[in-house]
Each structure stands twice: as structure tokens, then as C-alpha cells.
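The values are calculated or read from the model by the stated rules, or taken from the named source; none is laboratory data. Only a predicted model underlies this, so the values are computations on that prediction, with no experimental measurement involved. Note that each Cβ is placed from the backbone with ideal geometry, even for glycine, and that neighbours are counted across all protein chains shown. Surface accessibility is based on the protein's heavy atoms, side chains included, excluding ligands, DNA and RNA. Shrake-Rupley method; radii C 1.70, N 1.55, O 1.52, S 1.80 Å.
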Amino acid sequence: MNAPERSHLLEQGLNCIKDFPVLSTSVHGKPLVYLDNGATTQKPACVIDAESQFYRTTNANIHRGVHRLSQQATDLYEHARDRVRAFLNAAHADEIVFTRGTTESINLVAQSWGRANLQPGDEILITGLEHHSNIVPWQLLCQDIGTVLKAVPINDRGELQMDAYAELIGPRTRLVAVSQVSNALGTVNPVDVIVRMAHDAGAKVLIDGAQAVAHQPVDVQSLDCDFYAFSGHKLYGPTGTGALYAKRELLRDMPPWQGGGDMIYTVSLTESTFADPPARFEAGTPNIAGAIGLGAAVEYVRGLGLDRIAAYEAALLHYMTERMQGIEGVRLIGTGAHKAGILSFVVEGIHPHDLGTILDAEGVAIRAGHHCAMPIMTYFGIPGTARASLAVYNTPADVDALVRGVRKAQELFGTE
Ligand code: PLP
């Protein structure tokens with residue numbers, strides 16, 4: 001994208017600020033500038049309304065009731081599943097398991113697929129760019145069953161070392177688990193290449209799409225990944241919602257990982273038989289209203305257009321990167337060639353937490369810390385970074401507010 005194209009996109013914007021009620025509020029008497037979208041996004045009125053409408057008009061438990069409301073609630077819940085299917089371009093709705101989010105989706109794969117398919121000595125390959133959610137579940141599994149956890153190293157730009165990946169993947173590798181976009185640095189990983197190489201080696205692939213689904217089109221069929229995990233709340237949907245996509249033939253052979261109502265076929269006092277997927281993996285009463293809200297969120301994002309969102313956020317990231325690079329004393333962490341809307345940085349002489357507090361006083365919300373990615377911070381030899389992360393409603397004016405806030409912090413600390 002050239003400079004005139006970028007300015008044109010930034011001038012036009014996505015015209016969606018009005019959809020997000022919270023964005024018209026203020027913080028410490030200043031208009032809210034919300035740049036903490038990597039942690040969670042704000043919710044459009046259509047998502048808030050979908051949840052509240054459900055509670056006002058249709059609330060009932062699903063799948064079990066013979067009464068009218070229960071049937072309507074079940075229809076809405078299953079309709080939401082089909083919306084998620086369409087959003088990811090999965091072939092079948094029964095390949096979508098509703099979960100509490102990315103973390104639960106990954107734990108589901110570790111505890112169900114992992115325990116059923118992995119032997120001591122088998123290898124799981126993750127990367128040095130993962131969120132703790134895509135590290136700890138594998139460590140727990142390895143401790144329990146004797147599998148071996150390996151990680152692809154990163155380079156000084158915060159990119160995966162793909163030659164090391166080629167060396168690490170081998171006949172013992174049974175699973176590769178990788179994020180599509182790094183939450184701490186914004187690096188976009190070459191997941192298409194990773195999937196192909198993993199499959200050539202006979203390994204399955206799990207993609208952590210937590211930071212990807214809201215920012216670029218995702219097509220699980222063309223990616224050909226075996227598992228895809230994401231969270232609803234980073235996609236303008238409710239907290240405590242999310243999904244796991246898994247290929248039908250894999251889900252069919254996976255054992256349950258949690259027992260309870262709704263996931264069984266028959267139960268006696270000594271044994272049970274289990275429902276087909278996805279019910280087998282949705283024990284107990286799920287977050288029905290949340291799933292319906294998630295369905296509304298994916299429709300909202302589809303309405304804006306994922307290609308449009310990706311282009312707009314790329315232009316805004318470029319603007320933010322240029323402006324922040326122009327401040328003396330600011331060092332960007334994560335300067336890979338392919339990045340999505342996340343900028344991590346440190347400011348000389350100011351702890352990221354102090355910076356976050358000063359920005360907050362200016363109404364600017366960013367994140368400060370290790371971003372649940374401590375291995376990345378260890379690699380760069382820093383305790384944490386400040387992180388500004390973009391969403392559809394952010395504008396160049398938000399970036400300008402961030403820049404003003406950073407300069408103010410430098411003045412206060414006498415480091416300008
Ligand atoms: N993976 C990545 C890349 C993330 O950014 C996050 C959250 O920040 C997660 C996993 C965990 O998501 P959740 O807490 O919604 O389960």
C-alpha cells in the first residue's frame with residue numbers, strides 16, 4: 001500500500017465509532033481513547049442488544065426443553081454456531097465447539113486430543129512467540145504423559161526463525177501449536193507455510209487465532225489447520241465466549257474432557273456413552289446468551305468487511321509506527337516485516353506501568369506489562385513493554401493522543 005492509498009483509507013475511516021456506546025464516555029474528564037484492544041475489544045450496540053434481547057424475550061435452557069422458549073433458545077444458540085462456522089468458513093457446523101475462549105479451546109485439545117493421541121517421547125512444537133495460554137496447557141500435558149515440549153526460537157525483530165522451525169520439526173513431532181498473530185508484538189506468523197510443513201512431517205496443527213480473527217479474513221479450509229482457537233471478547237463479542245474449530249474426523253474420535261449434562265447419550269450408575277460432537281465437548285449449561293452475542297459480533301465484523309478492516313488497520317498501524325518512531329527515547333519491540341495492529345514499545349527512563357498510569361490520566365488506555373508472554377520479554381531482556389493495540393474504531397486522532405501522552409510522560413520524568 002502506498003502513501004496516498006494509506007491517507008485515503010485513514011481519511012475515510014470505517015465510520016463505526018457510533019456503534020460503540022462506551023466510546024462516547026470520558027475517563028478522568030478526558031474523552032476515552034481506547035488502545036487496549038489486544039486485551040479485549042469494546043462491544044457494539046448490536047452485540048449488547050442481542051444478549052439483552054435474549055434475556056428479555058427468550059431466556060430458557062437449551063437442548064433439553066420441550067417447551068416453546070427452550071426450542072427458540074436452542075434455535076438461536078445453534079444459529080450462532082452456524083454464524084461462527086460461516087465466519088471461519090468451516091465446512092460443517094458440528095466442527096465448531098463453543099468454549100469460554102481461546103484458553104479453554106487450547107486446554108480442550110490438550111486434554112482430549114492430546115491424552116488420546118500422544119505417547120511418551122512424542123513432541124509438541126510451540127514457538128517463542130506464544131501467549132501463556134498456548135504454552136502452559138502443553139507443559140501440563142507433557143508433565144503428565146511424558147511428551148516433550150520444544151519451541152521455535154525468535155529473532156531480534158520478533159519473528160519466528162523459520163530455518164530453526166524446519167530443523168525442529170521431525171518424525172517425533174505430533175502437534176505444532178502456533179499463534180497466527182503475536183499478542184505481545186503483533187508479528188503475523190506465516191501459518192500457511194507452518195501448516196504445510198507440519199503436515200508434510202505428519203503432525204497436526206493448532207492455530208491460536210485470538211489476535212487474528214478480528215483483524216483479517218480467516219478461512220480454516222484454505223489454511224487446512226486441524227484446530228483453530230479464538231475468543232469472542234477480542235472480536236467485539238461477550239467475555240467468556242469463544243470457539244474451537246476442529247476437523248470433523250478429529251473431533252469424532254476425541255474423548256470427552258469434561259463430564260456432565262448435555263454431553264451424554266446414555267448414563268447408568270456405572271458407565272456412560274457420549275453424544276456426538278460438538279455436544280460431547282459442551283458439558284453443562286453453556287453461556288447461551290454469550291454465544292448469541294458472539295453470533296451477532298461475527299455478523300457485525302462481516303458487515304464491516306474483514307478485507308476493509310485489515311487494510312484500514314494496516315494504514316493506522318503504519319501511521320502509529322511512524323509517529324512513535326519519531327519520539328526520541330522510544331524503542332519499538334517487535335519490528336517484523338509482517339505485523340497486525342499492535343505496537344509494543346519501551347520509553348527510556350520510564351517504567352511501562354508508570355507510562356500506562358500517566359496515559360490513563362490523559363484518557364488513553366493502553367496495556368503495560370509482560371502481556372502473558374513472559375518468554376518474549378525474557379528474550380528481549382526487559383520486564384515488560386507498553387502496548388497500544390488497534391481496533392476498527394480507532395483513528396489517527398487516537399494515535400495523536402497517545403503520542404501527546406508519551407511526550408507528557410517524558411516531560412514529567414525529565415527524560416524528553
Ligand atoms: N492467545 C493469544 C494470542 C492471546 O492474545 C490471548 C489473550 O490475550 C489468549 C490466547 C487467551 O485468550 P483468553 O484469555 O480470551 O482465553
- Relative contact order %, region 301-360, counting alpha carbon pairs below 8 Å whose residues are six or more apart: 28 percent
- Note on the structure: Placing each pseudo-label 7 Å from Cα in the direction of the beta carbon, Asp200 and Glu271 end up separated by a distance in nanometres of 4.5 nm
- Message: I want to verify a result. In a Gaussian network model of the chain, Cα cutoff 10 Å, which of these has the top mean-square fluctuation: Asp307, Asp398, Asp36?
- Response: Asp307
- Query: Say each of Thr378 and Ser24 gets a label point 7 Å from the Cα, pointing the same way as Cα to Cβ; how far apart are those two points in nm?
  - Reply: 4.8 nm
- Enumerate the helices in the chain for which the Kyte-Doolittle hydropathy averages -1.0 or more and the C-alpha atoms extend at least 27 Å along the helix's axis, using complete DSSP H runs. 68-88, 306-325
- Message: Solvent-accessible area of His79, probe 1.4 Å, all protein chains present, reported in Å² to the nearest ten, please.
- Response: 90 Å²
- Task: Would you work out which of His233, His318, Gly114 lies farthest towards the positive end of the dipole of the chain, given +1 charges on the beta-carbon of Lys and Arg and -1 on that of Asp and Glu, about the Cα centre?
- Result: His233
- Message: Over the chain, what is the relative contact order in percent, taking alpha-carbon pairs closer than 8 angstrom and at least six residues apart?
- Response: 23 percent
- Message: Sort 309-316, 197-204, 141-148 by packing, meaning the average of other beta carbons within 10 Å per residue, with the highest value first.
- Response: 309-316, 197-204, 141-148
- Rule-of-thumb Rg ratio for region 27-128 [Cα; 2.2 N^0.38 Å; N residues]: 1.52
- Heavy atoms only, probe 1.4 Å: what % of the accessible area of the chain goes to carbon and sulfur, would you let me know? 51 percent
- With each label point set 7 Å from Cα along the Cα-Cβ vector, what nm distance links Gln139 and Thr57? 4.8 nm
- Note, region 173-181: 3J(HN,Hα) by Karplus (6.51, -1.76, 1.60, θ = phi - 60°), whole Hz, Gly/Pro = x, goes 6, 10, 8, 10, 10, 9, 7, 6, 9
- Item | Most positive-pole-ward Cα, Val47, Gly369, Gln258, against dipole of the chain from beta carbon charges | Val47
- Springs between alpha-carbon atoms under 10 Å, Gaussian network over the chain: tell me which of Thr270, Thr41, Thr395 tops the mean-square fluctuations. Thr270
- Query: Which value at 222 nm does the chain reach when only helices count, each DSSP H run of 4 or more adding -39,500 (n - 2.57), with the total divided by all residues and rounded to the nearest 500 deg cm²/dmol?
  - Reply: -11500 deg cm²/dmol
- Burial-style ranking of 29-35, 124-130, 320-326, 209-215, average other-beta-carbon count within 10 Å with highest first, yields 209-215, 124-130, 29-35, 320-326
- Item | Within-11-Å neighbourhood charge of Val47 [Cβ basis; K, R +1; D, E -1] | -3
- Task: Would you please give the FRET efficiency between Ala45 and His338, computed as 1/(1 + (r/R0)^6) with r the Cβ-Cβ distance and R0 = 35 Å, to the nearest 0.05?
- Result: 0.55
- Query: If the cut-off is 25 Å between C-alpha atoms, which lysines fall inside it for Lys247, apart from same-chain ones fewer than 8 positions away?
  - Reply: Lys150, Lys204, Lys234
- Item | Residue-normalised accessible area of the chain, given per residue in Å² at a 1.4 Å probe | 42 Å²
- Query: Dipole of the chain, Cα-centred, from +1 at each Lys and Arg C-beta and -1 at each Asp and Glu C-beta, to the nearest 20 debye?
  - Reply: 500 debye
- Rounded to two decimals, what ratio of Rg to Rh does the chain give with C-alpha atoms and a Kirkwood Rh? 0.98
- DSSP-defined beta bridges in the chain - what % are antiparallel, rounded to 5: 60 percent
- Query: In terms of solvent-accessible area of protein heavy atoms at a 1.4 angstrom probe, what is the ranking of His28, His63, highest value first?
  - Reply: His28, His63
- At the level of C-alpha centres, the distance separating region 384-416 and region 299-368, in angstrom, is 8 Å
- Message: Looking at the chain as a GNM with Cα springs under 10 Å, which of Arg85, Arg68, Arg157 has the largest mean-square fluctuation?
- Response: Arg68
